[in-house]
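In what follows, a single structure is set out as structure tokens and then discussed.
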Amino acid sequence: MKINNKIIFALLGLTVILAFGLSSCNKNPLPAPAKENPMTKLNVPNGFIFNTSKIEDITVNMPSSINFINNRSRVNFYTGSPAEGGVLITAGSFDNQGMYDGKLRVPTALDSIYIQTIAGNAKVALPGVGTKAGGVVVNFGENYGNNPPDTAISTATKSTYAYSNNNLVFDSPKSSVANIIQNGNFEADNFGQISRWYSSHPVDGKWYFTHYYSGNMEWHADGSNHVIRTPYSNGYWYGGASQMVNANPGDLITLSADIKSVGNKSRLYSWLYLIPVDSQGNALEYFYVRYNYPSSQWKTKTIAATMPANTVKVNVLLWSWDLASNSSVYFDNVIVTGPVADSDGDGVNDELDDYPNDATRAFNVYYPNKTDWGTLAFEDLWPGMGDYDFNDLVVDYHYKSVLNAENKLVEFYMGYSVRAVGASLTNGFGLMLGGDPTNVESVSGTRYTQNYIQNNTNGTEKGQTNTVIILFDDAFSMIGSSNSAFINTKENVPYVLPDTNQLHVVYSNPVSKQVTGTAPYNPFMIINKDRGKEVHLAGHKPTDLANPAYFKTMADDTDPATGKYYQTANNLPWALDIPVSFAYPVEQVAILNAYNHFATWAESAGSQYPDWYSDKAGYRVNSNIYSPPAK
């Protein structure tokens, strides 16, 4: 049978067109070499969704010495100690019982966080990747007590003194609030004497040494710095130094001091006391924090307490038992703060409130943290297999969210910047958050040029059960032209300086983070103006407008019944979220050929090299990573 040559040429032409349309985003005008992408050889465990961040359940319990009915205070979470470069991640307030219970998203590579409260600070170890844990629980006040000074030694020597939180390292904050104690640095040699800690002495800004057994505390020159200390040469001594300050019922008073030891510390015990006193000079309660066997290095300790009814002043007492010869307990840098002011009446102290005159707002919180930006990197051939250079769309982001005093989301700002477009398709970008979209008051900072996005009047997308916001419908409109389909992915193509934009979302009624989820929420790419063709992070559900007909086609192995979304049969993703500004691969170089430990990370389900994207020795193949020209 004869076959018409025109038909043959037509079929050949159609084949070429189809091949072109399914090629690597028109990245190579010539046929690609017939070789297997090395990514397909990875043995990725089922259930691994390429997370570089994790959500930790965090519970912080405060001491019962503090009344939280009217004062919700504040807890801060940092990447590390601020004194050592740690950066704020998030913050919140306590409930009436003095408990904070929330969720914290952090990089999987972060092995600890630093928690800051008025009752002290703690460095807290985080569970490792793949570790089954019931969340992180921190109990401030386990070293608090309420025994009078004369009997405190009986509790201090009990073996139960050791912290039950074995993964915690406690220290205390230095307050920026005015210090109401006088001569807290002990530079002035101005001390009185009293017989006992409870002996009457005035509110006069003077420290009074108690005389109990074998002498008093001493004013001492520790190098160029002056301190007070327990008698060095005596073999058995107890007592302290007291200063009275005015106080009223309901006042929140905090006391912090630096403490260290010299000599044999095994028989040294120290306490910081707040003892509210009534008009007759009677002690109403005893609040202390104890520090047994003080380190030879200065450590800051803190006690915080709410003053009870009938309080007229408070006895600030530094107390010690020194039961060893040629040893001593040193005190320095005493700070006492209180009472607190709350101008807007939201229950958060002015000095802890980011909006002290706005009762609807209290805290600024961030993701990835206050200073760093994260990156979302996409492949746009879904449901087909990509080349896994993850540069078809590269979007940097930074979230600043505003919470009220009840830890609910009032509004958020998302800085975003399209850094690279390594494709010829017209791709868009959006976010899905939990919650009713009608609760959104306004959305600003979006850009549309292609007329395929339909929004409600408040700026959320129509036809969605959850809150969906499309930031832009054409990535090319968000970045300048390089006279090429490859923007900032090839080093022989002119570099385009990315713009920075800001999305602003305001809620009509504050909403719980348990409803919205945590930043960066559920980001996704829209492929080539096809609104139903969404690409999400692995394991993330599509929006209501996604077309399910694409699932289980070509390379996609999405199975909603098992919770598997946007992964191949061997569990490869089409998108990555990196909690830093990511140095992405150059054009058509698979990510595992740019990052030496990516494959190990993926095949270990994230337990090995969780920081695979870091710029550390041996981590990167720099020649395979795109580098903008030097400024």
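The values are calculated or read from the model by the stated rules, or taken from the named source; none is laboratory data. The shown structure was predicted, so the numbers you read here are calculated from the model rather than taken from an experiment. Glycine gets a Cβ as well: all are built from the backbone with ideal geometry, and neighbour counts include every protein chain shown. For the accessible areas, the whole protein counts, side chains as well, though only heavy atoms, and no ligand, DNA or RNA atoms are used. Shrake-Rupley method; radii C 1.70, N 1.55, O 1.52, S 1.80 Å.
A few notes on this one:
- Unmet criterion (only one of (1) modelled with pLDDT of 95 or more; (2) surrounded by fewer than 19 Cβ atoms within 10 Å (Cβ to Cβ); (3) more than 17 Å from SER53 (Cβ to Cβ)) for ILE69: (1)
- Sole exception among (1) in a loop (DSSP other than H, G, I, E, B); (2) open to solvent by 20 Å² or more (accessible area, probe 1.4 Å); (3) of a type in the set (A, V, I, L, M, F, W, C) for ILE55, by number: (1)
- Scanning segment 439-477 for residues that are out of contact with any Pro (no Cβ under 6 Å at 6 or more places or on another chain), among the hydroxyl-bearing types (Ser, Thr, Tyr) and part of a strand (DSSP E or B) gives SER442, SER444.
- Flag for THR465 being farther than 15 Å from VAL394 by Cβ, out of contact with any Leu (no Cβ under 8 Å at 6 or more places or on another chain) and touching a residue at least 12 places away in the same chain (Cβ under 8 Å): yes
- Subset tally (residues that are among the β-branched types (Val, Ile, Thr) and either open to solvent by less than 20 Å² (accessible area, probe 1.4 Å) or at pLDDT 85 or above (or both)) for segment 133-154: 3
- Number of the exception - CYS25 against (1) open to solvent by 20 Å² or more (accessible area, probe 1.4 Å); (2) at pLDDT below 90; (3) touching a Ser or Thr at 6+ places or on another chain (Cβ under 7 Å): (1)
- Strands (runs of 3 or more DSSP E) enclosed by segment 391-435 - at least 2 residues per element that are more than 14 Å from PHE524 (Cα to Cα): 393-403, 409-422
- Single match in PHE472, PHE476 (criterion: without any contact (Cβ under 8 Å) to a residue 60 or more places away in the chain and in contact with a helix residue (DSSP H, G or I) (Cβ under 6 Å, 6 or more places away or on another chain)): PHE472
- Scanning segment 613-631 for residues that are assigned to a loop (DSSP other than H, G, I, E, B) and within 22 Å of GLU36 (Cβ to Cβ) yields a single hit, VAL621.
- Subset of segment 575-595 [over 16 Å from ALA519 (Cβ atoms) and open to solvent by 10 Å² or more (accessible area, probe 1.4 Å)]: ALA583, VAL586, GLU587, GLN588, VAL589, LEU592, ASN593
- When we screen THR230, THR306 for residues that are surrounded by 21 or more Cβ atoms within 10 Å (Cβ to Cβ), under 36 Å from the mean Cα position of the chain (by Cα) and farther than 15 Å from VAL334 by Cβ, the only hit is THR306.
- Any hit, segment 269-279, residues being in a strand (DSSP E or B), touching a helix residue (DSSP H, G or I) at 6+ places or on another chain (Cβ under 8 Å), at pLDDT below 95 and open to solvent by less than 10 Å² (accessible area, probe 1.4 Å): no
- Scanning segment 90-112 for residues that are among the aliphatic types (A, V, I, L, M) and either part of a loop (DSSP other than H, G, I, E, B) or open to solvent by less than 20 Å² (accessible area, probe 1.4 Å) (or both) returns ALA91, LEU104, VAL106, ALA109, LEU110.
- Residue ID - modelled with the lowest pLDDT, chosen from residues in segment 458-503 that are within 33 Å of the chain's Cα centre (by Cα) and of a type in the set (Phe, Trp, Tyr): PHE476
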